[in-house]
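What follows is calculated from the coordinates using simple rules that are stated; it is not laboratory data. Just so you know, these numbers come straight off a predicted model, no measurement behind them. Every residue, glycine as well, gets a Cβ built from its backbone with ideal geometry; the counts of neighbours run over all protein chains shown.
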Amino acid sequence: MGLIENRMEKNVITTTVDSVFNWARKSSLWPMTFGLACCAIEMMATGASRFDMDRFGAGIFRPSPRQSDLIIIAGTVTLKMAEVIQRLYDQMPDPKWVISMGACSSAGGPFDTYATLQGVDKVIPVDVYIPGCPPRPEALLYGLMRLQDKIDEMTIAKKAS
Amino acid sequence: MSDEEKPKQNSEAQKTAGKTDLKEESAVAEEGAEKPPVKDKPVPKPKVKKKIPSYEDVDDDPVFQKLNEKVAVSVLSVQKFLDQSICTVSLDGLYELMVDLRDNADLDFNYLVDVTALDYLGDEQRFCLVYQLYSYKLGRLIRIKTRAAEDEVVPSVSSIWKTADWLEREVYDLFGIEFSGHPDLRRILLPDDWHGYPLRKDYDIKLQDQAWISSHLKIRKTPV
């Protein structure tokens with residue numbers, strides 16, 4: 001996409017290409033197997049049969065950052081882990097998205113302490129924040145749907161500067 | 001036929017018996033109702049004060065009576081609190097006492113449950129180390145306490161119980177207490193190059209090591 005991205009004004013070609021690529025991207029998200037605390041338990045429940053994240057095409061958790069395009073930060077981010085998260089995020093191929101799940105990863109939660117990062121958006125850019133402690137699986141699914149809406153608005157056309 | 005009839009008869013007999021009982025009970029209840037109601041004020045029961053648990057000095061604790069005489073010299077006091085035995089030891093005699101607690105055939109404290117510490121900021125002997133020991137033979141849990149000043153080095157018990165290795169590393173990590181004779185004394189929870197000891201009382205709970213953060217994390221400037 002790098003060659004044609006951000007080169008043309010919005011026209012019938014860009015919108016057509018966008019609709020195809022965005023449809024493909026949002027319908028087949030590959031989240032990374034990555035959980036940090038109790039939110040990860042809810043994330044696992046979301047992936048399992050009762051809530052079935054696979055209905056939204058995001059059900060297969062890849063064991064490697066190189067094979068995934070979505071990272072769900074599910075839990076408390078310690079400073080020691082923040083370093084790892086940054087490296088994992090850098091290893092994910094573009095385009096990539098981040099969901100910050102729960103109060104801890106969004107803003108530190110109740111852990112305003114020496115060891116906890118006060119929001120994962122201090123080290124990586126976050127697309128969707130999901131409130132809750134922990135959020136219910138429905139909330140994660142809603143967050144995923146909002147991310148799909150966001151992906152749907154991506155474009156290769158020149159952005160207004 | 002007789003076999004089938006027998007239980008029926010029994011059940012009928014039980015039913016009638018039950019009926020008569022009910023009648024008798026109702027009769028008793030009626031008699032009770034006829035009595036005039038008592039109008040005296042209810043007498044308040046005298047309040048029994050709950051005994052507040054406290055530390056009591058004990059001389060005849062069965063565990064510490066079995067200690068080797070050479071070792072028992074370093075015992076400063078033996079206390080009881082809610083059936084928990086607490087023994088305070090001088091720092092010099094700590095290691096020998098721990099060896100005896102494990103190797104003494106009458107005691108056999110073969111399991112070190114936990115090592116932790118307390119910070120009494122301002123005291124001459126700033127730190128208090130707490131060892132929880134369990135004996136599978138006696139089925140007993142005891143607590144060994146010792147005090148150490150900030151510049152004192154505590155003898156490591158990792159040669160007595162292997163599990164002390166990581167437990168003492170944790171104490172070193174969060175309190176900065178050094179252990180002599182430890183095989184591998186470095187931080188276990190925090191990053192290796194962290195500055196400061198977070199569980200000390202003079203360490204701000206929200207204080208983050210900015211030098212570590214700036215050298216390890218790329219903190220993003222959040223878009224306005």
With Cα coordinates, the longest principal axis of chain A makes an angle with the long axis of helix A:79-91, in degrees rounded to 10, of 20
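Hey, fewest Cβ within 10 Å first, where do B:136, A:129 land in order? Present the calculation step by step, with values, prior to reporting the outcome.
Details: B:136 10, A:129 20.
Sorted ascending by nearby Cβ count, the order is B:136, A:129.
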Reduced to Cα centres, the span from region B:92-167 to region B:177-224 in Å works out to 26
Residue B:48 and residue A:107 label points (each 7 Å along its Cα→Cβ direction) are spaced in nm at 5.1
A student asked for the Cα radius of gyration and Dmax of region B:114-224 in angstrom ought to give 17.2, 66
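In peptide B:199-210, what is the residue-averaged number of other protein chain Cβ atoms found within 10 Å of each Cβ?
Working: counts 1, 0, 0, 0, 1, 1, 3, 5, 2, 7, 3, 0.
Counting other chains' Cβ atoms within 10 Å and averaging over B:199-210 gives 2.
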In nm, the gap between the two label points placed 7 Å beyond Cα toward Cβ at residue B:151 and residue B:80 is 4.2
Ranked output for segments A:9-15, B:178-184 by mean other Cβ atoms within 10 Å, highest leading, reads B:178-184, A:9-15
Note on region A:86-161: contact order normalised by length, alpha-carbon pairs under 8 Å, 6 or more apart, percent, works out to 30
Cross-link reach from residue B:218 to aspartates and glutamates, straight Cα distance under 13 Å and at least 8 residues apart if same chain, gives A:83, A:90, A:121
Row for chain A, column shape: gyration tensor on C-alpha, a ≥ b ≥ c, rounded if a/c < 1.5 i.e. under 1.5, prolate if a/b over b/c, else oblate; value prolate
Expressed in angstrom, Rg and Dmax over the Cα atoms of region B:116-178 are 12.6, 40
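As a footprinting exposure proxy, order A:43, A:101, A:8, A:32 by other Cβ within 10 Å, with the fewest listed first.
On the way: A:43 27, A:101 31, A:8 14, A:32 23.
Listed from fewest to most nearby Cβ atoms, that is A:8, A:32, A:43, A:101.
Evaluate Rg over Rh across region B:56-190, taking Cα atoms for both radii and Kirkwood's formula for Rh.
Checking Rg against Rh, the ratio lands at 0.95.
How fast does region A:20-66 diffuse by Stokes-Einstein, in µm²/s, taking the Kirkwood radius from C-alpha pairs at 4 °C and 1.567 mPa s? Please list the in-between numbers first.
Values: Rh = 11.4 Å.
Once the numbers are plugged in, D ends up at 114 µm²/s.
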Relative to chain A, whose Cα atoms define the longest principal axis, helix A:12-27 and its Cα axis are tilted in degrees, nearest 10, by 30
Mean 1/r over distinct Cα pairs of the protein assembly as shown, inverted to a Kirkwood Rh in Å, yields 28.0
Checking A:29, A:147, A:79 against a Gaussian network model of chain A (alpha-carbon springs below 10 Å), the top fluctuating residue turns out to be A:79
With x for Gly and Pro, the residue-by-residue ³J(HN,Hα) of region B:102-108, computed from phi through the Karplus equation 6.51 cos²θ - 1.76 cosθ + 1.60 at θ = phi - 60° and given in whole Hz, is 7, 8, 4, 5, 7, 10, 6
Label model pair residue B:39, residue B:90: point-to-point distance (7 angstrom along the Cα→beta-carbon line) in nm is 7.6
Across A:107, A:40, A:48, the residue with the highest GNM fluctuation in chain A (Cα network, 10 Å cutoff) is A:48
Pairs over 30 Å Cα to Cα, from A:96/A:158; B:50/B:137; B:47/B:201; B:80/B:206; A:150/B:221; B:51/B:137, come to B:50/B:137; B:47/B:201; B:80/B:206; B:51/B:137
Measuring from the longest principal axis of the C-alpha atoms of chain A, the long axis of helix A:137-152 (C-alpha) lies at a number of degrees, nearest 10, equal to 30
